[in-house]
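The values are calculated or read from the model by the stated rules, or taken from the named source; none is laboratory data. This one's a predicted model, so the numbers in the text were calculated from it and none came from an experiment. Cβ placement follows ideal geometry from the backbone for every residue including glycine, while neighbour counts extend to all protein chains displayed.
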Amino acid sequence: MPPNAYALEIRSPAMRNAVTAWLMLGLAALVGAGVFSVLLILARTPAVQEVIPLIDFFRIALVVHVNLSVLIWLLSMAGVLWSLASDVDRVGWDRLSFLLAAAGTAVVVLAPFVGAGDPLMNNYVPLLRHPVFYAGMLLFAAGIASHLLRSLLSMRSPLAVLDGARALHLGIALGGVITAVAIASLLASWAGMPATMDGEIYYEFLFWGNGHVLQFTHTMMMMVAWIVLAEASGCRFELTPRLTLAFLVILALPVITVPFLYFAHAIDSPGHRLAFTELMKYGGLSCLPLGLAVLVTVLKAGRVVAADRPEARYLRSALLASLALFAVGGILGFLISGLDIVIPAHYHGSTVGVTIAFMGLCYYLLPRLGFGAPPPRLAWWQPILYGGGQLLHILGLAWTGGYGVQRKTAGLAQGVDRLGEVAGMGLMGLGGLVSVIGGLLFLVICYRCVRGRPARQEN
């Protein structure tokens, strides 16, 4: 492999098994999220409401859906990347970490059916106030923390020869360090919470600081995925490994301020909330240098000829869709001026940008793990459908938010009666439908890849 080639190699059977396990856990989380999205619809259907035994099942299903489709899916893909960046095989430790995370995910999925209720709709990590659900989340967190520690202890010295692959590995390691900071922030928040606080407001403050820090992890991993997808889709990524690593370090630099923010403000103070909001708003700009470098690389590359490299065409499609959604989400973040639904529009755009990058990474990895290649035409359309639907969805949210419609409301509580508001919500609903089709198509493509496993080949 050329020294400046940016690729993620499978170096051993043990690594292949670890990467496959975390990838399958992420896909299983998306399948579970899809099932709960169907339950969300059924819970709002009058005839079905009489059958469903839980009065507040809509909010219960929403809590599980959000945790599966955001927290568990994104951290499972971080687990994939941590495995790819490891330089030492530790089979027993890999198995323990995965089993903890998988068991936790299963418990989270089953919790509503064994009586877990009392949904708390706080930001970042909504919860069901029940011991079974808590146990599932703690098991998953333990698995992630274990895999993170194993991965950080299994990487070569930063002083090793720096080539393209090594720059990616160090970027992944930086993502791991940021995740460790998020875990430390969670412990600091827990230790600093007032004993008198309880309920949804308690968890709102508990997850506020570390939830914002974790977004830097997702952004770092997305940037690594962008570089891999750009290179694999036929672009010539012209940054040297040293400059690429420098840009990845710049992305991580805002996280240095986190300890100072915790010392400066009480956990339950408005200053704490504002400080981390500003960290995400302005610290997030640290991704611009590398993001612009990827964008320029894609624009200079020109059109992909499908007949020459079918993989390149659908990987480029995922890359472009991810770039577009993440950019829109970032722009909307600067338009937030209150508690209206511009906030979820911003969050959806940014999170979906990360998700599409990880979808493209799945298409990149599945054949290299010994599974079948994605069907080229479907894999090209899928990011367009999913990303296009989400774009309509968040533009509808932002449009309606301009009229002051508040977030976390539904039905008559939204007060949607003017033509512009109705049009915005209609656009949001249409986009949501298209994105659901795109999301289902992604799972179908991955299923076909897994079922169509060819004979394994040596890398």
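Observations
- In the range 130-160, residue surrounded by the fewest Cβ atoms within 10 Å (Cβ to Cβ) [restricted to those that are touching a residue at least 12 places away in the same chain (Cβ under 8 Å) and more than 19 Å from Ile183 (Cβ to Cβ)]: Pro158
- In the range 419-452, the qualifying residues are those that are at pLDDT 65 or above and among the charged types (D, E, K, R), and the one that is farthest from Gly370 (Cα to Cα) is Arg448.
- Residue in the range 50-66 that is out of contact with any Pro (no Cβ under 9 Å at 6 or more places or on another chain), modelled with pLDDT of 85 or more and outside any helix (DSSP H, G or I) present: no
- The listed residues are Phe113, Phe133, and the only one of them that is assigned to a helix (DSSP H, G or I) and more than 24 Å from the chain's Cα centre (by Cα) turns out to be Phe113.
- All positions within the range 119-150 that are at pLDDT 95 or above, hydroxyl-bearing (Ser, Thr, Tyr) and farther than 30 Å from Asp87 by Cβ: Tyr134
- Screening Ile183 on (1) crowded, with 16+ Cβ neighbours inside 10 Å; (2) on the phi > 0 side of the Ramachandran plot shows it passes everything except condition (2).
- Condition met for Arg156 (at pLDDT below 95, over 26 Å from Pro259 (Cβ atoms) and part of a helix (DSSP H, G or I)): no
Residues are listed down the side, and each one gets a yes or a no for (1) hydroxyl-bearing (Ser, Thr, Tyr); (2) outside any loop (DSSP other than H, G, I, E, B); (3) at pLDDT below 95:
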site	(1), (2), (3)
Ser185	yes, yes, no
Ala188	no, yes, no
Thr196	yes, no, yes
Phe205	no, yes, no
His218	no, yes, no
Ala225	no, yes, no
Arg236	no, no, yes
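- Tally, over the range 239-278, of residues that are in a helix (DSSP H, G or I) and of a type in the set (Asp, Glu): 1
A quick yes/no check of all residues on (1) crowded, with 23+ Cβ neighbours inside 10 Å; (2) in contact (Cβ under 8 Å) with a residue 12 or more places away in the chain; (3) of a type in the set (A, V, I, L, M, F, W, C); (4) closer than 24 Å to Ser69 by Cβ:
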| site | (1), (2), (3), (4) |
| --- | --- |
| Gly171 | yes, yes, no, no |
| Glu204 | no, yes, no, yes |
| Thr217 | yes, yes, no, yes |
| Val228 | yes, yes, yes, yes |
| Arg242 | no, yes, no, no |
| Ile256 | no, no, yes, no |
| Ser269 | no, no, no, no |
| Arg273 | no, yes, no, no |
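- The range 346-388 - residue that is in a helix (DSSP H, G or I) and among the small types (Gly, Ala, Ser) and, of those, surrounded by the fewest Cβ atoms within 10 Å (Cβ to Cβ): Gly388
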